[in-house]
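The values are calculated or read from the model by the stated rules, or taken from the named source; none is laboratory data. In this text the structure is predicted, and so the values were computed from the model without any measurement. Neighbour counts run over all protein chains shown; Cβ positions are idealised from the backbone, glycine included. Only protein heavy atoms, including side chains, enter the accessible area calculation; ligands, DNA and RNA are left aside. Shrake-Rupley method; radii C 1.70, N 1.55, O 1.52, S 1.80 Å.
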Amino acid sequence: MEKTQTGAKPASRDGDGPANAAPQRPGLPAMLLEIPGVVPALSFAGFVALWWAGAAWNGNSIQLPTPPEVFGALVSLARDGELFTNAGLSLSRLIVSMSIAVLIAVPLGFWMGLSETLRRYVDPTIELLRPISGIAWIPLALFIFGVGGVLPVFIMTYVAFFPLVMNTFAGVRGADPKLVAAARTMGVGRLRITARVVLPSALPTIMVGVRLALAGAWSAIIAAELIGAPTGLGFAIEWYRELLASPKVFAYVGVIAGVGYLADLALQWLQRRLTPWTVGGGLS
Amino acid sequence: MQAVENAKLRLKDVTKTFIAPRTLKPTVAVSDVTLDIMRGEFVCIVGPSGCGKSTVLNMIAGLEAPSDGTIFMDDRPISGPSAERGVMFQDYALFPWLTVQDNIGFGLRNGTPGHSLSAGEIKDRIEAHIDLVRLRGSEAKYPHQLSGGMRQRVALARLLANGPDVLLMDEPLGALDAQTRLILQSELLRIWGETSPTAQRKTAIFITHDIEEAVFLADRVVVMSRHPGRVRALLDIDLPRPRNEHVRTTQRFGELSEEIWQLIRDEALEAIA
């Protein structure tokens with residue numbers, strides 16, 4: 001406040017603007033954004049620091065273990081190999097359920113995008129089911145499938161279904177009518193237009209749906225395995241909770257975050273491969 | 001007036017009525033348009049916005065059906081789109097997921113124009129059209145990596161590669177800067193076949209809101225008026241071909257432009273009021 005008039009004077013005397021509109025040097029936080037990897041590392045470090053402080057203040061390793069304890073548990077679980085067994089099982093369940101969901105939801109959404117009649121018949125049911133969390137079906141699934149590998153697959157397929165069907169539908173509906181018209185004036189038949197114009201038009205939106213579906217399904221797997229499976233990451237969390245082995249519980253939580261993150265990176269890579277025209281520059 | 005057997009396209013009492021989406025009232029977009037377009041003729045349609053010129057073009061393309069009246073091509077009524085009538089859209093309508101060469105080859109690979117061609121012949125035709133519009137070196141790029149003028153040339157190459165009898169162009173140069181426009185106007189006349197005998201030229205219908213562009217390009221200018229869209233006047237452009245940049249400075253060029261402007265002026269002022 002004391003330097004409003006005098007302090008900024010040498011910097012900007014060229015215009016008639018107010019004195020405090022002097023060109024600003026970017027601060028250190030903004031400058032660090034330029035270096036790849038630094039800011040995510042700082043963000044994570046900040047989180048770990050808060051956690052550590054909280055754990056130290058709390059002083060109860062069962063309620064909240066410290067970062068070193070969790071890291072130690074992670075290393076021992078990895079050495080033991082059980083971490084990889086459980087992560088592999090959960091990941092394979094994710095892949096199976098995503099595959100089933102894509103095979104059902106993408107054709108259905110595509111067809112709904114093409115046929116207003118079908119959409120009118122199917123849409124009310126979808127809208128009715130969509131707000132119901134996948135977890136809500138666990139009791140029913142327990143009766144039908146019992147405890148085992150099928151239950152989490154069922155729950156995840158259910159969760160993944162909705163973003164896939166909605167995004168596929170939106171992508172088909174959003175296909176540029178000009179492009180369809182252009183293809184028609186080149187003597188291209190209806191089937192070919194669907195395959196060569198509507199499908200690639202919808203593909204970027206479908207890929208967004210795939211990523212949303214994966215995120216949703218991966219969130220649901222824990223609850224599903226917690227209750228309904230004798231193996232997997234969710235089961236391991238529940239197992240070590242009963243043993244009061246909190247560091248191991250937290251280690252598994254960390255694995256869930258890591259696997260989810262890597263799976264999304266893989267999808268982003270796929271996205272770049274399948275829809276290269278959406279990378280670098282606008283969609284015009 | 002001219003012998004009917006020379007007409008490539010005949011529009012007979014063509015009317016198009018829309019139901020306005022908001023008011024649900026029927027709106028006459030095009031009313032009683034009767035027009036013969038000769039084989040090898042370059043016709044420009046000018047008129048204030050809202051005069052239905054794009055609707056006329058879409059009906060000739062077969063993308064929309066007239067509510068009343070008929071459009072004939074070679075004395076057969078038009079019932080839908082066909083590769084015989086190629087369209088170049090205002091915003092080019094290039095496929096963003098295809099490279100320049102695949103855009104040019106889209107109709108040849110997927111549509112009727114390529115049915116009698118082998119894969120090798122299609123490849124040769126794509127290559128020839130890349131050269132024709134001077135896009136060598138950019139054939140593997142995607143549309144979003146190109147400038148406006150280059151996109152326009154891709155659209156033109158795609159149109160021509162399909163070998164249509166009739167070229168339908170809806171303000172294709174509208175989005176370009178003034179200098180690029182002038183260059184591409186001359187290029188368009190070259191590609192259309194200005195230097196070849198009339199029999200070898202394609203029939204071209206070109207929509208524009210730029211009067212001087214219409215005078216420079218056309219054999220005949222159709223002036224349309226709005227509310228409802230109808231043909232107000234037909235003007236023969238008796239400037240000699242091939243035309244070069246000098247034609248723009250001639251007295252006759254100015255007279256023709258002035259005449260068209262007088263026909264449009266009142267409505268154009270109304271349209272912006």
Is it true that A:Leu212 is surrounded by fewer than 20 Cβ atoms within 10 Å (Cβ to Cβ) and either of a type outside the set (A, V, I, L, M) or away from every other protein chain (no Cβ under 14 Å) (or both)?
yes
Suppose we keep only residues that are more than 25 Å from the chain's Cα centre (by Cα) and under 17 Å from A:Ala223 (Cα atoms) within the stretch A:122-143. Which one would you say is most open to solvent (accessible area, probe 1.4 Å)?
A:Phe143
Within the stretch B:6-26, is even one residue assigned to a helix (DSSP H, G or I) and surrounded by fewer than 15 Cβ atoms within 10 Å (Cβ to Cβ)?
yes
Tell me which residues, restricted to the stretch B:192-220, are open to solvent by 10 Å² or more (accessible area, probe 1.4 Å), of a type in the set (A, V, I, L, M) and touching a Lys or Arg at 6+ places or on another chain (Cβ under 9 Å).
B:Ala199
For the stretch A:65-84, indicate whether the set of residues that are more than 24 Å from A:Leu226 (Cα to Cα) and over 20 Å from the mean Cα position of the chain (by Cα) is non-empty.
yes
Just to be sure, is A:Ser115 hydroxyl-bearing (Ser, Thr, Tyr) and surrounded by 14 or more Cβ atoms within 10 Å (Cβ to Cβ)?
no
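Could you tell me whether A:Leu50 is at pLDDT 95 or above and exposed (fewer than 12 other Cβ atoms within 10 Å of the Cβ)?
Here the answer is yes, as A:Leu50 does meet what is asked.
For the stretch B:29-117, which fully contained helices (runs of 4 or more DSSP H) count at least 1 residues that are surrounded by 22 or more Cβ atoms within 10 Å (Cβ to Cβ) and at the interface with another protein chain (Cβ under 8 Å from one of its Cβ atoms)?
Passing ranges, in order: B:53-61, B:106-110.
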A:Arg173 - would you say it is surrounded by fewer than 18 Cβ atoms within 10 Å (Cβ to Cβ) and either within 30 Å of A:Ile132 (Cα to Cα) or in contact (Cβ under 8 Å) with a residue 60 or more places away in the chain (or both)?
yes
Index of the failed condition, A:Thr231 passing every other in (1) of a type in the set (Val, Ile, Thr); (2) farther than 22 Å from A:Ala101 by Cβ; (3) away from every other protein chain (no Cβ under 14 Å)
(2)
Of the numbered conditions (1) outside any strand (DSSP E or B); (2) surrounded by fewer than 17 Cβ atoms within 10 Å (Cβ to Cβ); (3) not β-branched (Val, Ile, Thr), B:Leu156 satisfies every one except a single condition; which is it?
(2)
For the stretch A:49-65, give me each residue that is in a helix (DSSP H, G or I) and under 11 Å from A:Phe250 (Cβ atoms).
A:Trp51, A:Ala55
What are the residue pairs meeting all of these: first residue in the stretch B:223-248, first residue touching a residue at least 24 places away in the same chain (Cβ under 8 Å), second residue in a strand (DSSP E or B) and surrounded by fewer than 16 Cβ atoms within 10 Å (Cβ to Cβ), Cβ atoms under 8 Å, and 6 or more apart or on different chains?
B:Val223/B:Ala233; B:Val223/B:Leu234; B:Val231/B:Thr34
State all residues of the stretch B:236-273 that are among the charged types (D, E, K, R) and in a loop (DSSP other than H, G, I, E, B); if no residue qualifies, say none.
B:Asp238, B:Arg241, B:Arg243
Within the set of pairs 6 or more residues apart or between chains, which connect a residue that is of a type outside the set (Phe, Trp, Tyr) inside the stretch B:179-192 to a residue that is open to solvent by 30 Å² or more (accessible area, probe 1.4 Å) and assigned to a helix (DSSP H, G or I) with Cβ atoms less than 7 Å apart?
B:Ile191/B:Leu132
What single numbered condition from (1) open to solvent by less than 30 Å² (accessible area, probe 1.4 Å); (2) within 14 Å of chain B (Cβ to nearest Cβ) fails to hold for A:Arg273?
(1)
Within the stretch A:83-112, count every residue that is within 17 Å of A:Trp239 (Cα to Cα) and either open to solvent by 50 Å² or more (accessible area, probe 1.4 Å) or touching a strand residue (DSSP E or B) at 6+ places or on another chain (Cβ under 7 Å) (or both).
3
Mind telling me which of the residues A:Met156, A:Met207, A:Met186 ends up being touching a residue at least 60 places away in the same chain (Cβ under 8 Å), within 14 Å of another protein chain (Cβ to nearest Cβ) and either crowded, with 19+ Cβ neighbours inside 10 Å or of a type in the set (S, T, N, Q) (or both)?
A:Met207
Just one of B:Ala214, B:Ala233 is assigned to a helix (DSSP H, G or I), modelled with pLDDT of 85 or more, among the hydrophobic types (A, V, I, L, M, F, W, C) and closer than 11 Å to B:Val46 by Cα; which is it?
B:Ala214
